[in-house]
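As structure tokens, the structure follows; a few thoughts come after it.
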Amino acid sequence: MMVRFMHEKRGTNKGIPTLILAAASIDDVVVIVAYSALIGIYTGNAIHLGWKVASIPLAIVGGIVIGLITGMILYRVFDRFNPRATKRALTVIGVSIVLVHFGEWLETLSIPFAALLAVMAIGFVMLERREHIAHELSSKLAKIWVFSEIILFSMVGAEVNLQVAVEAGFRGAALILIGLLFRSIGSLLCVLGSNLNWKERLFVVIAYLPKATVQAAIGSAPLIAMQGRGMATGPGETILAVAVMSIVLTAPTGSWAVAWAGNRFLTREEHPQPEGEI
């Protein structure tokens, strides 16, 4: 949706969609590092908590730097050889997969690296240096994502124990709502000193409400970790059930709310980019 708002030039005069994309990616890095520390403690692995906390900014900086360098190399390669849009998209996907595996390898050496942030930085470089290439890549990747998200959410749904989900019911929903309340307060506090007006600040709060992809990606990870350790899997099943519940409760209504708020709260630039040029 943020990409769509960029195309429509909604809120772009203040960089609001870009702000939310960047902040969300950093937020994911923090969450994944915190998750790694907690699951390590729970499963009995030796964890240096101080190093884990210090690794958050190191992972962010490392991911951005490597992503920027990779992005600059890619757009120069594209300039020189001028491949078709499909080949460009496949190249970016291939490089992104390599970066993710590179990040996993660095983790075995206890070196922090935010691979997903590096992948996002590649997109930022493309948009800044070669905007027409960035829009072509966005169009191709959007089509691939339609198929990919079906696989992702189908696999997560196949792991859910419905009985556990029913048992988690009210308590799980209450936990999600309390979390969203404090998340909304935090989002509002973060933009209080900005140049955004109150409608735009409210949009930022609403944009942080939907939960889906990260929950789907790591919701089953605790269950897998507990199974691998031969531990009781009850807590892992509960975590997965609540993760799926958060998707069901927030993704549809949150997506509608973001679309509604974006159309009403974000100012559209006077000369939006024609659809045919995107």
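The values are calculated or read from the model by the stated rules, or taken from the named source; none is laboratory data. Here the structure is a predicted model, which means the values were calculated and not measured. Neighbour counts are summed over all protein chains in view; Cβ atoms, including those assigned to glycine, are modelled from backbone coordinates with ideal geometry.
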Complete set of residues in region 117-142 that are within 18 Å of the chain's Cα centre (by Cα) and over 23 Å from residue 102 (Cα atoms): 138, 142
Matching residues in region 83-98 (more than 23 Å from residue 115 (Cβ to Cβ) and either surrounded by 15 or more Cβ atoms within 10 Å (Cβ to Cβ) or among the aliphatic types (A, V, I, L, M) (or both)) number 1
Go through (1) modelled with pLDDT of 90 or more; (2) over 20 Å from residue 96 (Cβ atoms) for residue 167 and report which single condition fails. (1)
Counting only residues in region 30-46 that are in contact with a helix residue (DSSP H, G or I) (Cβ under 6 Å, 6 or more places away or on another chain) and in contact (Cβ under 8 Å) with a residue 24 or more places away in the chain, the one nearest to residue 133 (Cα to Cα) is identified as 30
Output the residue which, of all residues in region 180-212 that are closer than 17 Å to residue 245 by Cα and in contact (Cβ under 8 Å) with a residue 60 or more places away in the chain, is surrounded by the most Cβ atoms within 10 Å (Cβ to Cβ). 208
Condition (residue is in contact with a Gly (Cβ under 6 Å, 6 or more places away or on another chain) and of a type in the set (Val, Ile, Thr)) applied to region 177-200: is it met by at least one residue? no
In region 95-132, which residues are aromatic (Phe, Trp, Tyr) and over 19 Å from residue 78 (Cα atoms)? 102, 105, 113
Would you tally the residues in region 246-273 being at pLDDT 90 or above and of a type in the set (A, V, I, L, M, F, W, C)? 8
